[in-house]
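The values are calculated or read from the model by the stated rules, or taken from the named source; none is laboratory data. All of these numbers come straight from a predicted model, not from anything done at the bench. Every residue, glycine as well, gets a Cβ built from its backbone with ideal geometry; the counts of neighbours run over all protein chains shown. Quick note on the areas: whole protein, heavy atoms, side chains included, nothing else; ligands and nucleic acids left out. Shrake-Rupley method; radii C 1.70, N 1.55, O 1.52, S 1.80 Å.
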Amino acid sequence: MEIKIEPFGLPSLSAERPLVIAGPCSAESEEQVMEAARGIAARGIKIFRAGIWKPRTKPGGFEGVGEIGLGWLKRVKRETGMYVSTEVATRDHVFESLKAGVDMLWIGARTSANPFAVQEIADALKGVDIPILIKNPVNPDLELWVGAIERIYMAGLHRIGVIHRGFSSYDKKIYRNQPLWHIPIELRRRMPSLPIICDPSHIGGKRELIQPLSQQAMDLNFNGLMIESHCNPDVAWSDKEQQVTPEALFDIISRLVIRNEHQTTESLEELRRQLDTIDEQLFELLAKRMRISREIGIYKKEHNMPVLQTIRYDEILKKCSAMGEAMDLSVDFVKEMIKEIHEESVRQQILIMR
Ligand code: PEP
Ligand code: MN
């Protein structure tokens, strides 16, 4: 399906990268919303976010203040001049948000994973011209993401953007949600005019990861950032570990290095960043390999098997040397690396045997 995306069309936005959307994970009270909004507006941010209806993993958590919060967003608009945005997950959320004059909507990651829910939102938006952002589905399924974009587009909305917020995984090591950058990159290849906004708050899940993830998103030429910001993050009613004060938000944005998109990758900086990303991936893979290796260790222990099976080691060595050679890696290097990795695996399994 051919998709022709139009600009968001919100007049006071600058065309410069990054387009920043900031605000608390959830609207908690009128005072909390206004305090955050004033702090954020004072730092030059033009689009405010706040969740009014919150999708929670388990019942009993804070599920959002609901409709009353829309009045607070109206006040943010009136008193700070920022545009306001919120998450919609049902037809009623759409109607209430439109009635309250919300400027931009977004579809959350749990919702975009559900075609029935996306279709319900698309139907409710038929004939309405409002900018809308579609978060990636929680599961790493590009087609599902594209499907959600198409459903909204077919309802007649052409001012569309997407939000990359990472993908959930059972293995939560570094990130709350795995970035899997290749997925938004492939989306960009398929729909080059679609603005991509990165949500480093939900990817990282921790304050200290927001800056490096934001830089990475800028280096990948993403258009904008959605960052959760709260005046007192430690007492936030949702996602407190990943929210930053407006002051910290300003610091994160000011430290970003925005590279010219026409610059080639010949710049050393750029290449080094690529290496950093690859190193990170290498370590994640190594850690995963060790975890699996420990699982094998447990199996061997339960079945009274010895840790070392030389036939298996020979097989790995042979297979990896051939693979390395085919990929232009030196045979000695590959052998040395496999030896080190294998030794560490054995050491880990021996620890389990004790
Ligand atoms: C949010 O933006 O607060 C939110 C609930 O995000 P996600 O849908 O990405 O989990
Ligand atoms: Mn949140």
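Quick one: in segment 155-191, which of the residues that are charged (D, E, K, R) and within 16 Å of ligand 2 (Cβ to nearest atom) is nearest to L125 (Cα to Cα)?
Looking only at segment 155-191, we keep the residues that are charged (D, E, K, R), and these are 159, 165, 171-173, 176, 186, 188-190.
Filter again for within 16 Å of ligand 2 (Cβ to nearest atom), leaving 165, 172, 176.
Numbers: R165: 23, K172: 36, R176: 31 Å.
In this case the residue turns out to be R165.
Out of the residues in segment 13-33 that are small (G, A, S) and buried (at least 18 other Cβ atoms within 10 Å of the Cβ), state the one that is nearest to P195 (Cα to Cα).
First pass over segment 13-33, keeping only residues small (G, A, S): 14-15, 22-23, 26-27, 29.
Subsequent filtering for residues that are buried (at least 18 other Cβ atoms within 10 Å of the Cβ) retains 22-23, 26-27.
Details: A22: 17, G23: 20, S26: 24, A27: 26 Å.
For segment 13-33, the residue satisfying everything is A22.
Is it fair to say L187 is modelled with pLDDT of 95 or more and in contact with a His (Cβ under 9 Å, 6 or more places away or on another chain)? Write out each step before concluding.
Details: modelled with pLDDT of 95 or more: yes; in contact with a His (Cβ under 9 Å, 6 or more places away or on another chain): yes.
So L187 fits the description; yes.
Among the residues of segment 34-64, which ones are open to solvent by less than 10 Å² (accessible area, probe 1.4 Å) and touching a strand residue (DSSP E or B) at 6+ places or on another chain (Cβ under 8 Å)?
So the first thing to find is which residues in segment 34-64 are open to solvent by less than 10 Å² (accessible area, probe 1.4 Å), and the list is 34, 36-37, 40, 47-52.
If the condition is that a residue be open to solvent by less than 10 Å² (accessible area, probe 1.4 Å) and touching a strand residue (DSSP E or B) at 6+ places or on another chain (Cβ under 8 Å), then A36, A37, I40, I47, F48, R49, A50, G51, I52 are the ones that fit.
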Checklist line | Number of the exception - E340 against (1) surrounded by 10 or more Cβ atoms within 10 Å (Cβ to Cβ); (2) of a type outside the set (V, I, T); (3) over 35 Å from the mean Cα position of the chain (by Cα) | finding: (3)
Next item on the list: With respect to G60, determine if the residue is without any contact (Cβ under 8 Å) to a residue 40 or more places away in the chain and farther than 17 Å from I130 by Cβ.
Entry: yes
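Please find, within segment 256-268, the residue that is modelled with the lowest pLDDT out of those that are over 20 Å from the mean Cα position of the chain (by Cα) and loosely packed, with under 12 Cβ neighbours inside 10 Å. Walk me through it before giving the result.
Residues of segment 256-268 over 20 Å from the mean Cα position of the chain (by Cα): 259-268.
When the remaining residues are screened for being loosely packed, with under 12 Cβ neighbours inside 10 Å, the result is 260-266, 268.
Values: N260: 75, E261: 66, H262: 68, Q263: 61, T264: 62, T265: 57, E266: 64, L268: 79.
Out of the qualifying residues, it is T265.
Quick check on segment 104-116. Is at least one of its residues farther than 26 Å from G204 by Cα and either polar (S, T, N, Q) or not assigned by TED's automatic domain parsing to the domain that holds E186 (or both)?
In the first step, residues of segment 104-116 are kept if they are farther than 26 Å from G204 by Cα; the result is 115-116.
In the following step, the residues that additionally are either polar (S, T, N, Q) or not assigned by TED's automatic domain parsing to the domain that holds E186 (or both) were identified as none.
Looking for residues that are farther than 26 Å from G204 by Cα and either polar (S, T, N, Q) or not assigned by TED's automatic domain parsing to the domain that holds E186 (or both), one finds none in segment 104-116, hence no.
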